[in-house]
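Accompanying notes for the structure given below.
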Amino acid sequence: MRKTLLLITVLFSLSSTGCAHLGSLFGVKPVKYSIVKVNSDKKYLQMMSRSRGVLGTSNIGKFNYDVVQLPYDLQGEYFVVTWKRTGGEKYINQEVTCRIDYKHVDGEVDSVEKAFPNPKRGAHRFLFENTGDRFVDFGEIELWKVSVIVDQEVVAEEASQLWWTVGPS
């Protein structure tokens, strides 16, 4: 009986220290990262609703809309990166970084990062805005590459179709 308890205790302690093959014995799946999708949207205009029709007319319940130009600092491109962590424990004690490398038509490659400390299992989002002065000065983003980084190692990556023209990265 003591040997069985000792064996179970040793196996449990090994599985909790991160041994992936022993963790699978207890139903713990290895941690995996993936980029679900990258959406880009250009915004210049906004629809604003006006008041409803006057009571007693046939326009009751119908809305009228005006199209107005967005303020200068909100005009431009918006990138929404959705990435996912599956497997492992619900929470982990690691910082995960999502990075987007991008290149304007006549510019150098630049990057923006967002850190996610101790992310839980599931989907996470990162919003990158190319708006205002940056959008006016450099224009639209021509090429991009999104990376998910854990412990200085790229664990998931997705790029636009022509990213390879930038060269090795």
Shape category assigned to the stretch 98-169 from the gyration tensor of Cα positions, a/c cut at 1.5: oblate
Distance between modelled label sites at Gln46 and Lys29, nm, 7 Å Cα→Cβ extension: 4.1 nm
Flagged links, alpha-carbon separation over 27 Å, of Lys29/Lys103; Lys42/Lys90; Lys32/Lys145: Lys29/Lys103; Lys42/Lys90
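Restricting attention to the stretch 64-162, which trypsin sites (Lys or Arg not before Pro) occupy a DSSP loop and are surrounded by at most 12 other Cβ atoms within 10 Å? Please report the intermediate quantities before stating the final value.
Working: sites: Lys84, Arg85, Lys90, Arg99, Lys103, Lys114, Lys120, Arg121, Arg125, Arg134, Lys145; in loops: Lys90, Arg121.
Sites meeting the loop and neighbour criteria: Lys90.
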Simple spin-label estimate for Gln161 and Asp137 in nanometres, 7 Å along Cα-Cβ: 3.1 nm
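Between Glu108 and Asp151, what FRET efficiency comes out of the Förster formula 1/(1 + (r/R0)^6) with R0 = 45 Å and r the beta carbon distance, rounded to 0.05?
Details: r = 28 Å, r/R0 = 0.61.
With a Förster radius of 45 Å, E is 0.95.
Report the extension gain between Arg125 and Thr82 in nm, rounded to one decimal, defined as 0.36 nm multiplied by the number of residues separating them, less their alpha carbon distance. Spell out each step's value before the answer.
Working: separation 43, 0.36 × 43 = 15.48 nm, distance 0.46 nm.
Extra length from Arg125 to Thr82 when fully extended: 15.0 nm.
Would you mind getting me the FRET efficiency between Val68 and Tyr91? Use the beta-carbon distance for r and R0 = 41 Å, nearest 0.05. Walk me through the intermediate numbers first.
Details: r = 44 Å, r/R0 = 1.07.
Computed FRET efficiency for Val68 and Tyr91 comes out at 0.40.
Any read-out appearing in this document is the output of simple, stated calculations on the displayed coordinates, not a laboratory observation. In this text the structure is predicted, and so the values were computed from the model without any measurement. Ideal geometry is used to build each Cβ from the backbone, glycine not excepted, and the neighbour counts take in all protein chains shown.
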